[in-house]
1. Just one of the numbered conditions (1) over 15 Å from THR77 (Cα atoms); (2) crowded, with 19+ Cβ neighbours inside 10 Å; (3) at pLDDT 95 or above is not true of PHE241; which one?
2. Residues being part of a loop (DSSP other than H, G, I, E, B) and either free of Cβ contacts under 8 Å to residues at least 24 places away in the same chain or farther than 15 Å from GLU63 by Cβ (or both): count how many of those fall in the stretch 190-205.
3. Among the residues of the stretch 309-319, are any assigned to a helix (DSSP H, G or I) and surrounded by fewer than 18 Cβ atoms within 10 Å (Cβ to Cβ)?
4. Being touching a helix residue (DSSP H, G or I) at 6+ places or on another chain (Cβ under 8 Å) and more than 30 Å from ILE8 (Cα to Cα) is the filter here; which residues of the stretch 283-332 pass it?
5. Go through the stretch 71-95 residue by residue and tally those that are more than 12 Å from the ligand (Cβ to nearest atom) and either among the acidic types (Asp, Glu) or touching a strand residue (DSSP E or B) at 6+ places or on another chain (Cβ under 9 Å) (or both).
6. List every residue pair whose Cβ atoms sit under 9 Å apart, with the two residues 6 or more apart in sequence or on different chains, where the first one lies in the stretch 128-155 and is outside the structural domain of LEU401 (by TED's automatic domain parsing) and the second, anywhere, is assigned to a helix (DSSP H, G or I) and among the aromatic types (Phe, Trp, Tyr).
7. Being touching a helix residue (DSSP H, G or I) at 6+ places or on another chain (Cβ under 7 Å), more than 16 Å from the ligand (Cβ to nearest atom) and part of a loop (DSSP other than H, G, I, E, B) is the filter here, so list the residues in the stretch 138-189 that pass it.
8. If you take the residues of the stretch 56-94 that are hydrophobic (A, V, I, L, M, F, W, C) and over 16 Å from the mean Cα position of the chain (by Cα), which of them is surrounded by the fewest Cβ atoms within 10 Å (Cβ to Cβ)?
Amino acid sequence: MRDETIAIHGGYVPGSTRAVAVPIYQTVAHEFIDADHAAALFDLEVPGFHYNRLNNPTNDVLERRMTELEGGVGALTLSSGSAAVAASILNITDAGDNIVCAPQLYGATYTYFAAVLPRHGIEARFAPDDTAASMEPLVDEHTTAVFCEAIGNPAGNVVDLEAVAEMAHRHGVPLVVDNTVATPLLLKPIEHGADVVVHSMTKFVGGHGTTLGGIIIDSGRFPWADHAERFPMLTTPEPAFHGVVYTEQFGEQAYIVRCRTVGLRNTGAALAPFNAFLLLQGLETLAVRLERHQANARAIARYLADDPRVAWVQFADFPDHPSHELARRYLRGRSTSIITFGVVGGYDAGIRFFNAVRLFKRLVNMGDAKSLVNHPASATHRQLSPEALRLVGVTPEMIRLSIGIEHVDDLIEDLDQALDAACRPGDGPPRRQPV
Ligand SMILES: Cc1ncc(COP(=O)(O)O)c(C=O)c1O
């Protein structure tokens, strides 16, 4: 089936009730038939459900659907994208190990890697840019993952995944890709060599700004057993799960089964089944929403590029965008709905613009049906040092727009009046007006 069809039907076989919508299994546990059944479930010898910190039938449909869309062998839903990012690394990384990262990352991911992982003895090595050549010198025998966002948030850089995957694999290291901005409908990292894909489904997948959720998808292709010394968590007996050796018992699913049985089971960042249901609703309309997001974003990027009140616009459709060629190659003529631009007048003008919007929502999310605006330097990325800001690609005047699916003329009218306000420093901060 094609993506548009999988997004609606994938992973769901109606049960005896023949319910057309995926049912919400709002239950904590499932009853065992008898002791043998309980034992078989606990030992993962039979498929099924027993306690919903590990899995749930509603979540299971979402996991299967996203697995199909990304082209993997298995997936694990978690309570948020951040939980998914953390679990994807901790599943294979121990004190004394390191990960090598592209620098253009979502702010909280950057902070987690730069400031939290080191407290657990894990070093995050940030390359000066997102190219394989810059990352390669940082990889050593203790590197357990190369990590990047396929399209960086908010920098908008498109990573040459094939080159980075080839480099990582040459060193016996998996490539972990955050595919939140692109979604599997625009880009499938596994087709380009990624070994593990993570998502914040809070964004485009959910699509309506109602629900936090994350997912990890395993390509099943990384040969963990060939690099046994680097990945003892997958290749030696697991003390946290009755001594199982994941690569021996679960083969190509070794990584994702350990994520569930150790990562999720012991940290408890489970996705609520109602949230899985909402994310499934979002997924069903993702394809049509993306078309509208894209058409609106293209019109708005052109509008901003022609406006003298705007210092610069970064939109990968434009030939002067540093990632233009990579975007053409990896997105195959399609584009995202994330636009970054600079207001003439620097940081202060950026703040005035941010305060002046009426229809755009001032908040730190993206991928919503509603259009959203963020001023990263004063919001999402405000805790980063000037050096870190430069590294992740955030400038003081940068505005990030997540273009929604409203009528584009209404959006342009709002941008127009906010740019006016931004360019009138003498007027002081514009008063907020309810829409
Ligand atoms: C690229 C990316 N990854 C991960 C996250 C974290 O996701 P969540 O907010 O669902 O924890 C975000 C959130 O904005 C993001 O943009």
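1. In the conditions (1) over 15 Å from THR77 (Cα atoms); (2) crowded, with 19+ Cβ neighbours inside 10 Å; (3) at pLDDT 95 or above, PHE241 misses (3) alone.
2. The total comes to 6.
3. no
4. Listed by number, the residues that qualify are TYR303, LEU304, ASP307, ARG309, VAL310, VAL313, PHE318, HIS321.
5. Looking only at the stretch 71-95, we keep the residues that are more than 12 Å from the ligand (Cβ to nearest atom), and these are 71-76, 89-95.
Next, from what is left, pick out any that are either among the acidic types (Asp, Glu) or touching a strand residue (DSSP E or B) at 6+ places or on another chain (Cβ under 9 Å) (or both): 71-76, 89, 91-94.
The qualifying residues number 11.
6. Every condition considered, the pairs that remain are PHE147/PHE113; ALA150/TYR330; ILE151/TYR330.
7. Scanning the stretch 138-189 gives ASP160, GLY172, PRO174, LYS188.
8. Of all residues in the stretch 56-94, those hydrophobic (A, V, I, L, M, F, W, C) come to 61-62, 66, 69, 73, 75-76, 78, 83-87, 89-90, 92.
Imposing the further condition that a residue be over 16 Å from the mean Cα position of the chain (by Cα) reduces the set to 61, 73, 90, 92.
Values: VAL61: 21, VAL73: 16, LEU90: 18, ILE92: 24.
Once the filter is applied, the top-ranked residue is VAL73.
The values are calculated or read from the model by the stated rules, or taken from the named source; none is laboratory data. Just so it is clear, the model here is predicted, and its values are computed rather than measured. When we count neighbours, we look across all protein chains shown, and the Cβ atoms used for this are built from the backbone with ideal geometry, even at glycine.
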